[in-house]
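Chemist: Mind looking over this structure? Questions follow.
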Amino acid sequence: MLLRKHSPLTFLLLALLTACNSVPVSQPTPTSAPAPKLATIYFYRTHNSLGGATGVDIRDIGTVQDGTYFVYHTSPGQHTLTATTDTTSSQNLNFQAGATYYVKAGVIPSQNLFHPSLSVEFDLEGQSAIQNLKRLHYHE
């Protein structure tokens, strides 16, 4: 895929939650407050950053464009986060009930492709990053 130098990059954040164990995926709750029986995940993309699609356990849960974020609640346990742009990247993470996680979506340009990346950020860094981002309401 060829992109012009100044063309806007939008990307699909496919957050797919397919349990790697027998724990079923919970329905998202209408609030971003940590639920005692669920893990809370903030997926975000900073302003002027390259980005990609993110998924959790093979379930598309949203799209994150430049300067946006959304909140997702899931059952505790191991889940697979998947990011998709021109290619796909996956990683397994273990989420704890009542805990809050900040996952930054981005891409790493390589030749003519954009390889997606997801990184779990420290709480203070994630909280600071989303302060000036637009909140998307996919599951609320």
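Chemist: Could you tell me whether Leu14 is over 13 Å from Val107 (Cβ atoms), modelled with pLDDT under 75, surrounded by 21 or more Cβ atoms within 10 Å (Cβ to Cβ) and touching a strand residue (DSSP E or B) at 6+ places or on another chain (Cβ under 6 Å)?
Modeler: On the way: over 13 Å from Val107 (Cβ atoms): yes; modelled with pLDDT under 75: yes; surrounded by 21 or more Cβ atoms within 10 Å (Cβ to Cβ): yes; touching a strand residue (DSSP E or B) at 6+ places or on another chain (Cβ under 6 Å): yes.
The answer is yes for Leu14.
Chemist: I'd like the full set of residues that are assigned to a loop (DSSP other than H, G, I, E, B) and of a type in the set (Val, Ile, Thr), limited to the stretch 69-95. Steps first, answer last, please.
Modeler: Residues of the stretch 69-95 that are assigned to a loop (DSSP other than H, G, I, E, B), as a first pass: 75-76, 85-87.
Of everything in the stretch 69-95, those that are assigned to a loop (DSSP other than H, G, I, E, B) and of a type in the set (Val, Ile, Thr) turn out to be Thr85, Thr87.
Chemist: Take the stretch 113-133 and flag every residue that is surrounded by 13 or more Cβ atoms within 10 Å (Cβ to Cβ) and among the aromatic types (Phe, Trp, Tyr).
Modeler: Phe114, the sole residue that qualifies.
Chemist: Another question, if that's okay. I'm trying to understand the selection: among the residues of the stretch 85-103, which are modelled with pLDDT of 80 or more, crowded, with 19+ Cβ neighbours inside 10 Å and under 15 Å from Ser117 (Cβ atoms)?
Modeler: Those that are modelled with pLDDT of 80 or more, crowded, with 19+ Cβ neighbours inside 10 Å and under 15 Å from Ser117 (Cβ atoms): Tyr102, Val103.
Chemist: Related question: Looking at Gln111, Gln131, Gln91, which one is at positive phi and either out of contact with any helix residue (DSSP H, G or I) (no Cβ under 7 Å at 6 or more places or on another chain) or not small (Gly, Ala, Ser) (or both)?
Modeler: Of the residues listed, the single one that is at positive phi and either out of contact with any helix residue (DSSP H, G or I) (no Cβ under 7 Å at 6 or more places or on another chain) or not small (Gly, Ala, Ser) (or both) is Gln111.
Chemist: Which of the residues that make up the stretch 86-125 are of a type in the set (D, E, K, R), more than 20 Å from Tyr69 (Cα to Cα) and out of contact with any Leu (no Cβ under 7 Å at 6 or more places or on another chain)? Even if it seems obvious, please write down each step before you answer.
Modeler: First pass over the stretch 86-125, keeping only residues of a type in the set (D, E, K, R): 86, 104, 121, 123, 125.
Among the residues that remain, those that are also more than 20 Å from Tyr69 (Cα to Cα) are: 86.
Result: no residue meets the conditions.
Conditions (1) at pLDDT 85 or above; (2) under 17 Å from Asn48 (Cα atoms); (3) not hydrophobic (A, V, I, L, M, F, W, C), marked per residue:
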residue: Leu113; (1), (2), (3): no, no, no
residue: Leu118; (1), (2), (3): yes, yes, no
residue: Glu121; (1), (2), (3): yes, no, yes
residue: Gln127; (1), (2), (3): yes, no, yes
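Chemist: Given the condition closer than 16 Å to Asp60 by Cα and not in a strand (DSSP E or B), answer yes or no: does some residue in the stretch 96-117 qualify?
Modeler: Within the stretch 96-117, not a single residue is closer than 16 Å to Asp60 by Cα and not in a strand (DSSP E or B).
Chemist: Among the residues of the stretch 72-88, how many are among the small types (Gly, Ala, Ser) and within 22 Å of Ile130 (Cβ to Cβ)? Let's see the steps before the verdict.
Modeler: Our first condition is that a residue be among the small types (Gly, Ala, Ser); within the stretch 72-88, this holds for 75, 77, 83.
Cutting the leftovers down to within 22 Å of Ile130 (Cβ to Cβ) gives us 83.
Looking only at that region, the number is 1.
Chemist: For the stretch 39-55: of the residues being among the β-branched types (Val, Ile, Thr) and modelled with pLDDT of 60 or more, which is surrounded by the most Cβ atoms within 10 Å (Cβ to Cβ)?
Modeler: This residue is Ile41.
The values are calculated or read from the model by the stated rules, or taken from the named source; none is laboratory data. From a predicted model like this one, the values you see are computed outputs, not experimental measurements. As a convention, Cβ positions derive from the backbone with ideal geometry for all residues, glycine included, and neighbour counts pool all protein chains shown.
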